[in-house]
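Have a look at the structure below, then the notes.
The values are calculated or read from the model by the stated rules, or taken from the named source; none is laboratory data. Remember, predicted model here, so these are calculated numbers, not experimental data. All Cβ positions, glycine included, derive from the backbone under ideal geometry; neighbour counts span all protein chains shown.
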Amino acid sequence: MSTETSAAEADSDQSAELPTAPRSVVWSGGHSYVLEGVRGARWAGVDDRRRARFLTDADLQRRGWSHHPR
């Protein structure tokens, strides 16, 4: 896989909408986040010190996210 292909995939993830199915997984900042719940859903993961971290859809859009680890 070339660098150009990787960049194109990253761009397509950024412009795509976040998954909405419970237990969907996305990656942001080198960490995985799992969608918890349906109503008032939030993304759950851990930080570099293994502390629980919860993000909203808006947080992930602002930070950047991907379907695959980078």
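Under the condition of being touching a residue at least 24 places away in the same chain (Cβ under 8 Å) and farther than 15 Å from residue 52 by Cβ, the residues counted in the stretch 30-40 number 1. Taking only the stretch 15-24 into account, find how many residues are outside any loop (DSSP other than H, G, I, E, B) and surrounded by 10 or more Cβ atoms within 10 Å (Cβ to Cβ). Total meeting the criteria: 0. Residue pairs whose Cβ atoms lie under 7 Å apart, separated by 6 or more positions or on different chains, with the first residue in the stretch 53-66 and on the phi > 0 side of the Ramachandran plot and the second assigned to a helix (DSSP H, G or I), are 64/14.
This table checks each residue for (1) modelled with pLDDT under 95; (2) hydrophobic (A, V, I, L, M, F, W, C); (3) surrounded by 11 or more Cβ atoms within 10 Å (Cβ to Cβ).
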{"residue": "2", "(1), (2), (3)": "yes, no, no"}
{"residue": "9", "(1), (2), (3)": "yes, no, yes"}
{"residue": "13", "(1), (2), (3)": "yes, no, yes"}
{"residue": "26", "(1), (2), (3)": "no, yes, yes"}
{"residue": "38", "(1), (2), (3)": "yes, yes, no"}
{"residue": "43", "(1), (2), (3)": "no, yes, yes"}
{"residue": "53", "(1), (2), (3)": "no, no, yes"}
{"residue": "62", "(1), (2), (3)": "no, no, yes"}
{"residue": "68", "(1), (2), (3)": "yes, no, yes"}
